[in-house]
1. Using amide H atoms built in the peptide plane, which far-off residues or other-chain residues are under 5 Å from Leu341 H to H?
2. Quick one: if the Förster radius is 30 Å, what FRET efficiency do Glu276 and Ile333 give, using the C-beta to C-beta distance and rounding to 0.05?
3. If you add up the charges near Gln45, with Lys and Arg at +1 and Asp and Glu at -1, over every other residue whose beta carbon is less than 12 angstrom from its beta carbon, what do you get?
4. Give me the number: length gained by fully extending Lys444 to Leu314, i.e. 0.36 nm times residue separation minus the C-alpha to C-alpha distance, one decimal in nm.
5. With label points built 7 Å along Cα→Cβ from the Cα atoms of Arg188 and Ser225, find their separation and express it in nm.
6. Under a plain spin-label model, where a point goes 7 Å from the Cα along Cα-to-Cβ, how far apart in nm are Tyr414 and Gln147?
7. Working out 0.36 nm times the residue gap between Glu356 and Thr344, then minus their Cα-Cα distance, what length gain in nm do you get to one decimal?
8. Could you please report the charge total around Gly92, scoring K, R as +1 and D, E as -1 over all other residues with beta-carbon less than 12 angstrom from its beta-carbon?
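Quick note: the coordinates plus some simple rules give every number you see, no bench work behind them. All of these numbers come straight from a predicted model, not from anything done at the bench. FYI the Cβ positions are ideal-geometry reconstructions off the backbone, even for glycines, and counts take in every protein chain you see.
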Amino acid sequence: MLGFGIIIVLMIIASAYVLLELRHVSDTTRSTLTVDVQAIDLAKQMRTILYEEERYAQRYLIARDSIYHAVFVDNNRLFVRDLDSLSSMLPGPRDRQLVLRVAELHDWHFTAVSEADPLDPIASDRVRTDTIDTILKALDDLIVGKQQLVSASVENVDDATQRALRVASLIAAGTLLAAIATALIIARTITRPLRVLVAGTKKIAGGTFARIRIRSRDEIADLASAFNSMSASLDALNRFRAEMMQHISHELRMPLQTMHSAYYLLTQQKAGPLNEQQLSLLNSIRENIDKITMFSDQFLDLSKVEAGMMEYNLASTDLATVAEQVVRDAELIALRREIALTFTPAPAPEVMVDPEKFVRIAGNLLNNALKYTDKGGSVEVTVGPSPQGACLKVHDTGAGIPPEELPRIFTKFYRASGAVKGRKRGTGIGLAFVKALVDGQGGKVYATSTVGAGSTFTVEFPAAASERKKPA
């Protein structure tokens, strides 16, 4: 509101200045038209009357006819009337002196004509002519002076108009710039807290429930307050869910351990001999117990990550050393499924990761690759440098993932259509767990795939500080 108030004040100032200048122009024009121009017209009219007056005066002096004298007197009255009008519209002392001088000369002329000596008309005629010339010159001086004043007034009007236009243009430009600047400030004032809200929303989507701090006292601040309340509620709910999953997992582990113990006793045949069919059923029981245990552990860890409760013991780590052990542990599974498993390390800088968490990341990706690769296929694990540090790649020759499904494969409980059609068993949380662990350690994970040609999952981590300081 303050910004809009400033713009309005500037516009009022600009308009007031333009109005004052226009009023000055109007007053100057009115003065010029009502005084100077009328004075010029009246002076010209008096010249004409004076010529007529002198013409009939000469006729009267020659013929001594009363009719000529009457016309002479009428013209004299007209001249005096106009002279009085001229005197009333000329405020300046110089103009008044000139009018007074004309009035004196004209009165003398009237007296000279009325009392002229008929015996000496030549001398009287010469004096009257000089007087008329003096009056005419005075009127001409008045006309010229007033014309100069009119020209000056016109120039002043033009200058005032140009000045008003320039100043109005400058004020308008200044007002426009001020309006743009104010609009930008207002827009920034509005968009900055909105950007903070967007950033807070992204953090919540990533599992970080931090408070949003906005200093304004408007509707956006109210929205931020409601947002913080929602974030706090979600944080509490997320922590409650994590604690609940921890309790559930704990409650599951006890019967699972009991089942493991019973399986061990049975397979050792301490309660009596078992036939091959019974041993096969026991192996099936153990496999499903292991799956339940793995699912429980993964889901519990994923809940910890989402609740911000997962702890990371970061250390400078060589990814190739850790990944090689994961590949060796998976060789037996690959051999049993008749899948060619290869490992190709390349020199790469060490990265800051939690080695134990990285084992789980690499193990999940490798198990997925082996699970969704058919008999006779191949899985290749490579470790090498990346623009940020080092990366792990797991490539398989499985069915592949459609391009439209790639953005969703790291979503919890989502299973690609190829896995569903192939009736591959899976919990739908393995890749979500991988992404959560990678994000938690400052890395990134992504996948590329071609339907019918397989998929490649890539995990990248930034180089450790000591590696970045090494000379190239």
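1. Long-range HN contacts for Leu341: Val379.
2. 0.85
3. So the surrounding residues net to 0.
4. Gain in length upon complete extension: 45.2 nm.
5. Computed distance between label sites Arg188 and Ser225 equals 2.7 nm.
6. Going by the 7 Å Cα→Cβ label model, 9.3 nm.
7. Full extension from Glu356 to Thr344 adds 2.2 nm.
8. My count for the surroundings of Gly92 gives +1.
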